[in-house]
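*Asks:* Structure provided below as structure tokens; questions to follow.
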């Protein structure tokens, strides 16, 4: 009887230890590896990109810094070059809470202020962020999945929307 009790207690202890393990921390400086990424036409515009992620408890902040390639000499409109901006084109910082609750953020756009609604959650080595913003033809929805490799040295960000899917692969810097 003692052996059965001991074996049961041991199994419960291991199950509790596995359950109590913390989710991985995505914090750090991440450098885009263009050769492993699938960015479509956007790839030609990017010279380099760095994500700085700060994660603490349910707080998840992503700061993006992008250096752009100069446009071709025959490109209409000229200009551009290495300046910042949003999305793939530049930089900025976004803050999320990983508790699954919707958070609204006001952002300046070309047509004035717009409200972006974000919902983020973490399950194991994945953080999923769903963003909804107003557009001229209805709401625009995108899903970004941040996936950390088992060794914690590679971060893959997959973005899906009605405009298509892209995959950015980053290495810890």
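The values are calculated or read from the model by the stated rules, or taken from the named source; none is laboratory data. Keep in mind that this is a model prediction, so the values were computed, not measured. Here the Cβ is made from the backbone with ideal geometry for all residues, glycine too, and neighbour counts use every protein chain on show.
So that you can scan it fast, the table gives a plain yes or no per residue for (1) free of Cβ contacts under 8 Å to residues at least 40 places away in the same chain; (2) surrounded by fewer than 16 Cβ atoms within 10 Å (Cβ to Cβ); (3) on the phi < 0 side of the Ramachandran plot:
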{"position": "128", "(1), (2), (3)": "yes, no, yes"}
{"position": "137", "(1), (2), (3)": "yes, yes, yes"}
{"position": "141", "(1), (2), (3)": "yes, yes, yes"}
{"position": "164", "(1), (2), (3)": "no, yes, no"}
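*Asks:* What single numbered condition from (1) over 24 Å from residue 44 (Cα atoms); (2) modelled with pLDDT of 95 or more; (3) surrounded by 15 or more Cβ atoms within 10 Å (Cβ to Cβ) fails to hold for residue 151?
*Replies:* Here residue 151 clears every test but (3).
Residues are listed down the side, and each one gets a yes or a no for (1) more than 18 Å from residue 99 (Cα to Cα); (2) surrounded by 13 or more Cβ atoms within 10 Å (Cβ to Cβ); (3) modelled with pLDDT of 90 or more:
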{"site": "20", "(1), (2), (3)": "no, no, no"}
{"site": "33", "(1), (2), (3)": "yes, yes, yes"}
{"site": "51", "(1), (2), (3)": "yes, yes, yes"}
{"site": "58", "(1), (2), (3)": "no, yes, yes"}
{"site": "63", "(1), (2), (3)": "yes, yes, yes"}
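*Asks:* While we're looking at this one, here's another question. Limited to segment 102-149, what total is found for residues that are under 17 Å from the mean Cα position of the chain (by Cα) and not in a strand (DSSP E or B)?
*Replies:* Of the residues in that region, 4 qualify.
*Asks:* Might you let me know whether segment 76-92 holds any residue that is within 25 Å of residue 55 (Cβ to Cβ), at pLDDT 65 or above and in a strand (DSSP E or B)?
*Replies:* Among the residues of segment 76-92, at least one is within 25 Å of residue 55 (Cβ to Cβ), at pLDDT 65 or above and in a strand (DSSP E or B), which makes the answer yes.
*Asks:* Pick out the one residue from 105, 123 that is surrounded by 13 or more Cβ atoms within 10 Å (Cβ to Cβ), modelled with pLDDT of 85 or more and under 30 Å from residue 56 (Cβ atoms). Steps first, please.
*Replies:* Details: 123 fails: surrounded by 13 or more Cβ atoms within 10 Å (Cβ to Cβ).
Exactly one of 105, 123 is surrounded by 13 or more Cβ atoms within 10 Å (Cβ to Cβ), modelled with pLDDT of 85 or more and under 30 Å from residue 56 (Cβ atoms), namely 105.
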